[in-house]
Amino acid sequence: GSFIAASVIDGATRIYSYRTVEGYPLLVVVGMSEQHALADYYSDRRSYLMVAGAVSVVLLIFIVFIVRHQTYLDRARKALRESEARHAEKSGLLDLTLQNMVQGIVMTDANQFVQVVNRRMGELFDLPVHLAANRPHRHEILRTLWEQGEFGRDDVDFATWYRRYVLAGEHGHGGVPYEHHRLNGRI
């Protein structure tokens, strides 16, 4: 067996183990001071506590960083939602304004694809609704108008007419305003 007790000689706490010797009326007792027996444990414990403390500090710093970053992301998301809401409201108002203007408006990008066309433009030129909704190329709108006889007929194909039309410079290309006189008298 074993037990822990304070020594009567020096008062130090010792761990004692004992055993009887078989065949002899003899009992063997060995005692070792608790401090000496557990020296490796205490040494390792200090190392483990220091490592655990350092890891805990690193984790705490990492958690603080994550929380700050998450807070930043939450603020950015909120600001983005607010900005999108303001943009949607202004975009809706602009679209409402464009759609209810008495002038027909068409805006193309640098590649001549229609980016904006209002309802009045479609009404003035009797354009099919689906044509403007699909962001066509400028020449698709001109082809539709040409096929409707909007530019008169001079017995040439569309490609030839289009080249002449572009070269003539009467089409409002490059930000130059252009007034079209329709066959029905509308300008």
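The values are calculated or read from the model by the stated rules, or taken from the named source; none is laboratory data. These numbers come from a predicted model, not from an experiment. Counting neighbours? That spans all protein chains shown, and the Cβs are built from the backbone with ideal geometry, glycine included. All accessible areas refer to the heavy atoms of the entire protein, side chains included, with ligands and DNA or RNA removed. Shrake-Rupley method; radii C 1.70, N 1.55, O 1.52, S 1.80 Å.
Number of residues in segment 40-63 that are open to solvent by 70 Å² or more (accessible area, probe 1.4 Å) and either touching a residue at least 40 places away in the same chain (Cβ under 8 Å) or hydrophobic (A, V, I, L, M, F, W, C) (or both): the value is 11. Identify all residues within segment 117-168 that are charged (D, E, K, R), within 38 Å of the chain's Cα centre (by Cα) and assigned to a helix (DSSP H, G or I); write none if there are none. Answer for segment 117-168, where residues must be charged (D, E, K, R), within 38 Å of the chain's Cα centre (by Cα) and assigned to a helix (DSSP H, G or I): 119, 120, 138, 140. Pairs are defined by a Cβ separation below 6 Å, a sequence spacing of at least 6 or placement on different chains, a first member in segment 74-98 that is open to solvent by less than 100 Å² (accessible area, probe 1.4 Å), and a second member that is not β-branched (Val, Ile, Thr); the pairs so defined are 98/118. Residues of segment 99-115 that are touching a residue at least 12 places away in the same chain (Cβ under 8 Å) and of a type in the set (Gly, Ala, Ser): 104 alone. Residue 68 fulfils the conditions (1) closer than 30 Å to residue 181 by Cβ; (2) surrounded by fewer than 12 Cβ atoms within 10 Å (Cβ to Cβ) except for a single criterion, (1). Picking from residues in segment 1-29 that are of a type in the set (Gly, Ala, Ser) and in contact (Cβ under 8 Å) with a residue 12 or more places away in the chain, the one that is most open to solvent (accessible area, probe 1.4 Å) is 2.
Highlighted here are the strands (runs of 3 or more DSSP E) found entirely within segment 1-114 that include at least 1 residues which are closer than 30 Å to residue 129 by Cα: 106-108. Across segment 108-160, the qualifying residues are those that are over 25 Å from residue 184 (Cα atoms) and of a type in the set (S, T, N, Q), and the one among them that is surrounded by the most Cβ atoms within 10 Å (Cβ to Cβ) is 108.
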